[in-house]
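Below is one structure, written out as structure tokens, with a few remarks after it.
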Amino acid sequence: MRWDNLAETDSPGPGAGGAAALFDADAVVTRTFDTPEFRGITFHEVRARSIVNRVPGVSRMPFEWTVNPYRGCTHACVYCFARKTHSYLDLDTGLGFDSQIVVKVNAPELLRRHLSSRRWEGAHIAMGTNVDCYQRAEGRYQLMPGIIEALRDHANPFSILTKGTLILRDLELLKEASEVTHVGISVSVGFVDHALWRTVEPGTPAPERRLDVVRTLTEHGIGCGVLMAPVIPFLGDHPDQLRATVRAIAASGATSVTPLVLHLRPGAREWFMGWLAEHHPHLVRRYERLYAEGAYAPKWYQRRITRQVHELATEFGIGPAHRGAARRIPRRVEPEPTGPTQLTLL
């Protein structure tokens, strides 16, 4: 595996002197645990050199900075776009992505140091956008409490996207953080069809358990939206399926629902198409035609799904998510400061 000489392709962030290896080969500790929840999974514990990553300018994402304490994901979603990232370490993007998990054990201390830098201006930080920060490994390594504490202590706005129910463990920390800064939580639920869930998201909690997370967060005063993702063509896009999913999302008390059609980037595309050929061979040609132009479904198809979901959301009393939250928060200027500078949202 290519542990050393792995160049940081994203901006190294404040205080860094340029591109550097993400971690040293001699800093990697490989562990396996012979317990039912981790059987067949290998953990590579590393001491990372950076933890706050800049999103490439060409990205479609509405945020600029991310924190990812893990690489690889035991959720084992067959469509996961992050599979390609495992190839950067010469790790397998198929079963290896599901079972070879890189753990950045020093993530909380790295983040706290980064947020303390005089060059850091308090930009919004997104988590769970590459692999899930509340996957099963988090139950053992418990990196997120320290990460949330650092963000809370610096009043730094952040968001979390997850399929994991483990986020409820950190409910009190999230409440504390929400009192001093903007905290955005979204749960990913693309469908409520159990047969589909068991085959395409085998390592995730059931959809209804995820919606329980939405309900619990909302009951505790933390607004939670649902990213209805992915809507899977020909398997999860029937009008009855969309209706059932939006109805369940509305019943959970979600503040918003945002549909996202399946996209198949290199790495994920090969793995998903292999799965499709095994489980739904009659759909292979339809997928080849639908995704003939690249990773994304045609605009007409995306617009159709978006329209249907938004119409259903209106019917059930919820609306789409809205952009507009500031990515950066300025330092408040006081005429006669009497204490530490406080970060505020625009």
Which cross-chain or sequence-distant (5 or more) residues have an amide H under 5 Å from the amide H of VAL261, H modelled 1.01 Å from N in plane? VAL231
Cross-link pairs beyond the 22 Å C-alpha cut-off, checked among LYS84/LYS104; LYS84/LYS163; LYS163/LYS299: LYS163/LYS299
Counting other C-beta atoms within 10 Å, and keeping those with at most 14, which DSSP coil trypsin sites (Lys or Arg not before Pro) do you find in region 232-320? none
For a quick check of your reading of the filter: which GluC sites (Glu not before Pro) in region 167-238 sit in a DSSP loop and have no more than 15 other Cβ atoms within 10 Å? GLU179
Rounded to two decimals, the Rg over Rh value of region 77-152 from Cα coordinates and the Kirkwood Rh reads 1.02
Could you calculate the FRET efficiency of TYR301 with ARG169 from 1/(1 + (r/R0)^6), where r is the beta carbon distance between them and R0 is 41 Å, rounded to 0.05? 0.60
Pull out a ≥ b ≥ c, the square roots of the eigenvalues of the alpha-carbon gyration tensor of region 176-244, then state rounded if a/c is under 1.5, prolate if not and a/b is larger than b/c, and oblate in the remaining case. prolate
Given a 1.4 Å probe and the protein chains all in place, what does the accessible area of THR85 round to, in Å² to the nearest 10? 30
Placing each pseudo-label 7 Å from Cα in the direction of the beta carbon, ARG118 and GLU176 end up separated by a distance in nanometres of 2.9
Distance in nm between label sites at ARG209 and GLU278, each 7 Å beyond Cα in the beta-carbon direction? 2.2
Can you compute 3J(HN,Hα) from phi for each residue in region 115-123, using the Karplus curve 6.51 cos²θ - 1.76 cosθ + 1.60 with θ = phi - 60°, rounded to whole Hz and x for Gly and Pro? 5, 7, 5, 5, 7, 7, 9, x, 5
Along the Cα→Cβ direction, 7 angstrom out, place labels at TYR141 and PHE234. What is the inter-label distance in nm? 3.7
Could you calculate the FRET efficiency of ARG243 with ARG289 from 1/(1 + (r/R0)^6), where r is the beta carbon distance between them and R0 is 22 Å, rounded to 0.05? 0.25
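The values are calculated or read from the model by the stated rules, or taken from the named source; none is laboratory data. Everything numeric in this text was worked out from a predicted model, so none of it was measured. For neighbour counting, all protein chains shown are included, and Cβ atoms are generated from backbone atoms with ideal geometry for every residue, glycine included. Heads up: the accessible areas ignore ligands, DNA and RNA and are worked out on the full protein's heavy atoms, side chains in. Shrake-Rupley method; radii C 1.70, N 1.55, O 1.52, S 1.80 Å.
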